[in-house]
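S.K.: Encoded as structure tokens, here's the structure I'll be asking about.
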Amino acid sequence: MNFITPNTLYLCIDQGGHASRAIIFNHVGELISSAYCNVATEHPAKHYVELNAKDVIDSINSSIKQVLEKIGDKKKHIVYAGLATQRSNIVCWNKKTGEALSPIISWQDRRNSEWLKQFGDKNEYIHKKTGLFLSPHYGASKLRWCIDHIPAVKEALNNNTLVFGPMASFISYHLTKEKFLLADPVNASRTQLWNLKSHSWDTELLELFDIPLSALPHCVPSMHYYGTLDLDRLDGLDDLKIPLRLVSGDQSAAMYAYGHLQPDTAYVNTGTGAFLSRSSGPLALYSRRLLTSLIFRDSELRGGSQNHFVLEGTVNGAGSAIEWLAKQYPDTDIFKHLPQWLDEVETPPLFLNAVSGLAAPFWCPDLISRFDREATIAEKSVAIIESIIFLLRTCLDEMCKLSSPPEQIQITGGFASLNVLNQRLADLSGLSVYRPTDCEATARGTAYLLAGQPHHWPEEDAGDWFNPVENNELEKRYEKWMALMLEEIREK
């Protein structure tokens, strides 16, 4: 544990679907400096979503170099680094050379969904062990696909040089000098091979999916010594020693952005997907249609182990749904026009949003996305935004079956900037929606955990509140959307 001084700084690395960011915070949660480097997402075939592994590592190194150069001599005050990544991405690599043997396969990727269907009768069994439902979005089917379809992976397995698992493990391996093969609990849990109770790889699930234990990284807590950042390759930084002390998932870290989690608050974080979470503290609650997610496991070196669970609802088609529409209108910048269209369009069509697969609480990965009528690009864009709100509402309703309703919603991420989205979410949920001033929550939450979850972390109170008002038309559209969605699912 570090001794905090007024000069103490934390380096937070946020690897997302479109960019890698390096952001520095001080000991009271103030952002000191930031840098980013874009990363391209590739779609080589239907249901395939990939990132180039070398490009991801290069983008992280570039953002780290930029931000350290920006702060000059202050960089000597950085005591820890933390890494937060997309949770269900996987990759294969050579444990001796570090060479990637596969692309990074995104959580959005569903290439092995047909293979996974043979385990349909094991859904409840898998849910109890992992907190997840059987889905091609999680790592197990992707790892099996790599063994079955990539010769270099099969060869490495036979030669005992294969290591594969969460993208976070690959990144921490490449960022550090020691080249430890480690898996944090948040990202390990999204492989659908990690047991929530034993906090390790589950031998029965490994056997079920025919995944070799020998190729998986060693499981450790979220707070752990993952190695020292290898900065020798970056000009002028070879005398800087920064331990990588935390590895987590982006959605998990984001919940801690403004300090201790409040039990009366539902947390929404938006980006490529949209995620609704409610803290259950050290207790793992199970819902028939929502995920049980471990978002943090502390090291016993820090005064006793600490587990923190949430109930989680996932909307796969948020930013990815807008991108899906944008491909049909390549000459229009949809994100630029969204605020205006949300103000202008009063009666959008209904959108059955199954972009990247329909997740909680319906769990129907093969549903086809469609609008219920012909519409303009503006109307379709607004319909997509409303579909995100509708899906969040269904997850919230499911959450309330297991516990008392929350008193408020806190929203962060890219879509939180849309006032109309926030207001309609408030109207439809009947809850006040709070948007903090700084909606880039992942890095801030990483810094809070690195700092040891201090009580003095700033309690954000200068953001915007969206209080619910009666909106009968929105409620009617939601009811019609729900009926249409259930009809479509029954036909599947």
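The values are calculated or read from the model by the stated rules, or taken from the named source; none is laboratory data. Note that the structure is predicted; figures quoted are calculated from it, not measured. In this analysis, Cβ positions are derived from the backbone assuming ideal geometry, glycine residues included, and neighbour counts consider all displayed protein chains.
S.K.: Whether any residue in segment 340-362 is more than 19 Å from the chain's Cα centre (by Cα), modelled with pLDDT of 95 or more, in a strand (DSSP E or B) and farther than 29 Å from ALA253 by Cα is what I want to check.
M.R.: Yes: one or more hits.
S.K.: Being closer than 19 Å to SER248 by Cα, assigned to a loop (DSSP other than H, G, I, E, B), under 16 Å from the mean Cα position of the chain (by Cα) and modelled with pLDDT of 95 or more: is that true of ARG87 here?
M.R.: On the way: closer than 19 Å to SER248 by Cα: yes; assigned to a loop (DSSP other than H, G, I, E, B): yes; under 16 Å from the mean Cα position of the chain (by Cα): yes; modelled with pLDDT of 95 or more: yes.
Spelling it out, ARG87 is indeed closer than 19 Å to SER248 by Cα, assigned to a loop (DSSP other than H, G, I, E, B), under 16 Å from the mean Cα position of the chain (by Cα) and modelled with pLDDT of 95 or more.
S.K.: Do we have SER214 as assigned to a strand (DSSP E or B), closer than 23 Å to SER88 by Cα, touching a residue at least 40 places away in the same chain (Cβ under 8 Å) and hydroxyl-bearing (Ser, Thr, Tyr) here? Write out each step before concluding.
M.R.: Working: assigned to a strand (DSSP E or B): no; closer than 23 Å to SER88 by Cα: yes; touching a residue at least 40 places away in the same chain (Cβ under 8 Å): yes; hydroxyl-bearing (Ser, Thr, Tyr): yes.
The answer is no for SER214.
S.K.: I would also like to ask the following. So, in segment 272-293, how many residues would count as being surrounded by fewer than 24 Cβ atoms within 10 Å (Cβ to Cβ) and either part of a loop (DSSP other than H, G, I, E, B) or at positive phi (or both)? I'd like the intermediate steps shown before the answer.
M.R.: If we filter segment 272-293 for residues that are surrounded by fewer than 24 Cβ atoms within 10 Å (Cβ to Cβ), which is where we start, we get 279-289, 292.
Of the ones still in play, those that are also either part of a loop (DSSP other than H, G, I, E, B) or at positive phi (or both) are 281-289.
Within segment 272-293, residues that are surrounded by fewer than 24 Cβ atoms within 10 Å (Cβ to Cβ) and either part of a loop (DSSP other than H, G, I, E, B) or at positive phi (or both) number 9.
S.K.: Out of ARG424, ARG435, I need the residue that is at pLDDT 95 or above, surrounded by 13 or more Cβ atoms within 10 Å (Cβ to Cβ) and closer than 30 Å to ASP298 by Cβ. Which one? Break it down into steps so the answer makes sense when it comes.
M.R.: Details: ARG424 fails: closer than 30 Å to ASP298 by Cβ.
Only one candidate passes the filter, namely ARG435.
S.K.: Kindly establish whether ILE322 is surrounded by 16 or more Cβ atoms within 10 Å (Cβ to Cβ), among the aliphatic types (A, V, I, L, M), over 24 Å from MET485 (Cα atoms) and in contact (Cβ under 8 Å) with a residue 12 or more places away in the chain.
M.R.: Working: surrounded by 16 or more Cβ atoms within 10 Å (Cβ to Cβ): yes; among the aliphatic types (A, V, I, L, M): yes; over 24 Å from MET485 (Cα atoms): no; in contact (Cβ under 8 Å) with a residue 12 or more places away in the chain: yes.
So ILE322 fails the test.
S.K.: All but one of (1) surrounded by fewer than 22 Cβ atoms within 10 Å (Cβ to Cβ); (2) of a type outside the set (Val, Ile, Thr); (3) under 18 Å from LEU342 (Cα atoms) hold for LYS401; state the number of the condition that does not hold.
M.R.: Answer for LYS401: the failing condition is (3).
S.K.: Let me ask you something else. Quick one: what pairs do we get from segment 473-485, first residue more than 23 Å from ASP366 (Cβ to Cβ), second aromatic (Phe, Trp, Tyr) and part of a helix (DSSP H, G or I), C-beta under 6 Å, 6+ apart or different chains?
M.R.: Partner pairs satisfying both residue conditions: TYR478/PHE390.
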